[in-house]
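The values are calculated or read from the model by the stated rules, or taken from the named source; none is laboratory data. Note that the coordinates shown come from a computational prediction; the quantities given were computed from them, not determined experimentally. A quick note on method: Cβ atoms are made from the backbone with ideal geometry, for glycine too, and the neighbour counts reach across all protein chains shown.
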2 protein chains.
Amino acid sequence: MIDRAVSGRSQPDTTLLGPGDDAAVVRVADGRVVVSSDMLVQGRHFRLDWSTPEQVGRKAVAQNGADIVSMGAWPTAFLVSFGCPPDTPVAVADALTDGIWSEASRLGAGVVGGDTVQSDQIVLSIMVLGDLGGRDAVLRSTARVGDQVAVAGRLGWSAAGLAVLVAGVDGHAEVVAAHQVPDPPYSCGPSAAESGATAMTDVSDGLLADLGHICAASGVQIDLDLAALEPDPPLHAAAADLGTDPIVWVLTGGEDHALAATFPPDVDLPDGWRRIGVVAGGTGVHVGGREWTGPVGWESFGPADSR
Amino acid sequence: MIDRAVSGRSQPDTTLLGPGDDAAVVRVADGRVVVSSDMLVQGRHFRLDWSTPEQVGRKAVAQNGADIVSMGAWPTAFLVSFGCPPDTPVAVADALTDGIWSEASRLGAGVVGGDTVQSDQIVLSIMVLGDLGGRDAVLRSTARVGDQVAVAGRLGWSAAGLAVLVAGVDGHAEVVAAHQVPDPPYSCGPSAAESGATAMTDVSDGLLADLGHICAASGVQIDLDLAALEPDPPLHAAAADLGTDPIVWVLTGGEDHALAATFPPDVDLPDGWRRIGVVAGGTGVHVGGREWTGPVGWESFGPADSR
């Protein structure tokens, strides 16, 4: 399985030693390496009747890549640990691998190692390394009162797509595709760091939840402008079909891996970023002047919904 | 759970940013980072009736650390992805975490990140970073005809301990303990690299299997001297009780995470290393002049034996 996963793939220059030895060696010119990991479990984080294995592989890499760019770094290498039942079709493992390589290649990153084990359900654990390129890491804990709050990338699309799949409604291909494979605005992470972003995170748990992390870590309040969070047209279309309000997807949907950041008040936001609010003294995230009382976002140990 | 796992722990100087943000930042003074990952699955790689959760955590870190030292590097940071059923007792998660920190601290390494997810069985995925300290990585593919073959650390102890547990025999505490928590000869990896080791690996699948990897990667044959592989006294004692031959544990038992390496013929082996054979022209591992025809070692997709 490992031979099939690594043969015929090309590695970037940063991969000094690829798969096949006890460990891999990756160049980190900066002298500091940014690292993160995420585990995806079948039936909880993905369903193979809603996503192809190739899409699951791409999504797993994308969500890890988003963690790196949200620090202002760039992903250079992925490691993949893959657990599956022994009767898992080879085609499923191959397609997962293809998806992993496809998204990693899009980033110019290598897949440098990992392992395969037997497990009761498919488990995909991905680790990513990133290079800061001389920039300072952009943390969650350094937002300042008076900063602009901005986002890059799509909000609520993945949640809308999941709702469409759960309801079994036809159509709405755009949001379903967004749920199957996120499209994080990768380049907006390093550009935000270069523009002086004071704090940054990716939107993996939902905008309110992830901005809430910035508030808690920075000891600030964030006031969001509801007019700046108008749901995109495909969300309105899906919500109309499902009889719901699309603003909930915008505010609480994770998995699009948009980026959310704070910038000094005088900074011109870089390409791809749009202003959605301001940092104030206080605590928590406020929407349209009031504290949000609806659901906040994804909880790791809540009921499974196979996002 | 994450708060409980990280609060009150101290990080080494190499941890520039620890857990709590989208990613961690680790110093890599060398400019090259060594990386590896391993996944452990409950019921397959460990059983909580045979090992305490604290032992499972220590073992998971030890086996990853061994992959780093077998490159001639030193482990600096671990990431832990932990999947478990929602009814997993908090005490189990805490003890696992304590074991992870305990072994990482022994190495002077940090635990810098990871995540927790819900899964049907306990899954522990560990990733490790290491620093080469200016040394060249020691690969599997660079053994040369005429080299000495040497090992550092225990052979067959873990396999003997597993056999004792499987048989349900009392006693033999030393080998059972070795199965529960390996004791890799960490410092022997960098010292081998400094002494000019030409190839190195850790013994995770069994001596024959892992030396077989060196043979295949280097295009050489290895001739082992059976007299140099005399089983240690606790193995003889366990084998006598179980009515088996302990040499099989020495040759095919993994999980002790001994180190096996090749050295130029004129090198004085560093402390902790002992000569067990020689590299010759040809293919495969030969024992006492003959090709071994018994079992070779651990297969990831063989029947579960909960090692």
If you take the residues of segment A:98-114 that are in contact with a strand residue (DSSP E or B) (Cβ under 8 Å, 6 or more places away or on another chain) and assigned to a helix (DSSP H, G or I), which of them is nearest to B:G83 (Cα to Cα)? A:I100
Could you please find all residues in segment A:145-159 being of a type in the set (A, V, I, L, M) and either farther than 27 Å from A:A217 by Cα or not in a loop (DSSP other than H, G, I, E, B) (or both)? A:V149, A:A150, A:V151, A:A152, A:A159
Could you check how many residues of segment A:55-73 are within 10 Å of chain B (Cβ to nearest Cβ) and either in a strand (DSSP E or B) or of a type outside the set (G, A, S) (or both)? 5
For the condition within 14 Å of chain A (Cβ to nearest Cβ) and under 21 Å from B:S10 (Cα atoms), what is the one hit in B:G108, B:G133, B:G189, B:G113? B:G113
For segment A:73-84, enumerate the residues that are under 26 Å from B:G43 (Cα atoms) and not hydrophobic (A, V, I, L, M, F, W, C). A:S81, A:G83
Based on this model, can you work out whether A:T76 counts as facing another protein chain (nearest Cβ under 7 Å) and touching a residue at least 12 places away in the same chain (Cβ under 8 Å)? no
Pull up segment A:44-54, narrow it to residues that are more than 8 Å from chain B (Cβ to nearest Cβ) and within 27 Å of B:I122 (Cβ to Cβ), then point me to the one that is farthest from the chain's Cα centre (by Cα). A:D49
Filter segment B:64-84 down to residues that are touching a Ser or Thr at 6+ places or on another chain (Cβ under 7 Å), modelled with pLDDT of 95 or more and not aliphatic (A, V, I, L, M), then give me how many there are. 4
For residues in segment A:195-244 being among the acidic types (D, E) and assigned to a loop (DSSP other than H, G, I, E, B), which is surrounded by the most Cβ atoms within 10 Å (Cβ to Cβ)? A:D205
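Matching residues to (1) surrounded by 24 or more Cβ atoms within 10 Å (Cβ to Cβ); (2) without any contact (Cβ under 8 Å) to a residue 60 or more places away in the chain:
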{"position": "A:E54", "(1), (2)": "no, yes"}
{"position": "A:L96", "(1), (2)": "yes, yes"}
{"position": "A:L155", "(1), (2)": "yes, no"}
{"position": "A:A167", "(1), (2)": "no, no"}
Out of the residues in segment A:1-27 that are modelled with pLDDT under 80 and among the aliphatic types (A, V, I, L, M), state the one that is nearest to B:V203 (Cα to Cα). A:I2
Here are some conditions: (1) in contact with a strand residue (DSSP E or B) (Cβ under 7 Å, 6 or more places away or on another chain); (2) in a loop (DSSP other than H, G, I, E, B); (3) under 22 Å from B:H45 (Cα atoms); (4) within 14 Å of another protein chain (Cβ to nearest Cβ). B:D87 meets all but one. Which one does it not meet? (1)
How many of the residues making up segment A:10-43 are closer than 18 Å to B:L132 by Cα, facing chain B (nearest Cβ under 7 Å) and assigned to a strand (DSSP E or B)? 11
Please go through segment A:160-194 and pick out each residue that is part of a helix (DSSP H, G or I) and among the hydroxyl-bearing types (S, T, Y). A:S191
Confirm whether B:A192 is buried (at least 19 other Cβ atoms within 10 Å of the Cβ), hydrophobic (A, V, I, L, M, F, W, C) and in contact with a Pro (Cβ under 7 Å, 6 or more places away or on another chain). yes
Which residues, counting only those in segment B:245-295, are among the aromatic types (F, W, Y) and surrounded by fewer than 24 Cβ atoms within 10 Å (Cβ to Cβ)? B:W292
Being at pLDDT below 95, within 26 Å of A:P19 (Cβ to Cβ) and among the aliphatic types (A, V, I, L, M) narrows B:V117, B:V203, B:V151 down to just B:V117
Exactly one of A:T252, A:T201 is among the hydroxyl-bearing types (S, T, Y), away from chain B (no Cβ under 14 Å) and touching a residue at least 24 places away in the same chain (Cβ under 8 Å), and that residue is A:T252
State all residues of segment B:245-275 that are touching a helix residue (DSSP H, G or I) at 6+ places or on another chain (Cβ under 9 Å) and part of a loop (DSSP other than H, G, I, E, B); if no residue qualifies, say none. B:D245, B:P246, B:G253, B:G254, B:E255, B:D256, B:H257, B:L269, B:P270, B:D271, B:G272
Segment A:129-187, residues that are small (G, A, S) and farther than 15 Å from A:P234 by Cα: A:G130, A:G133, A:G134, A:A137, A:S141, A:A143, A:G146, A:A150, A:A152, A:A167, A:G168, A:S187
Do you know which residues across segment A:202-211 are touching a strand residue (DSSP E or B) at 6+ places or on another chain (Cβ under 6 Å) and within 19 Å of A:D225 (Cβ to Cβ)? A:V203, A:L208, A:D210, A:L211
Going by what's in this entry, would B:D223 be described as at pLDDT below 95, more than 22 Å from B:L40 (Cα to Cα) and out of contact with any Ser or Thr (no Cβ under 8 Å at 6 or more places or on another chain)? no
Here the residues within segment A:115-130 that are surrounded by 24 or more Cβ atoms within 10 Å (Cβ to Cβ) and not in a loop (DSSP other than H, G, I, E, B) are A:V123, A:L124, A:S125, A:I126, A:M127, A:V128, A:L129, A:G130
When you go through (1) within 11 Å of chain B (Cβ to nearest Cβ); (2) charged (D, E, K, R); (3) more than 19 Å from the chain's Cα centre (by Cα) one by one for A:R140, which number turns out not to apply? (3)
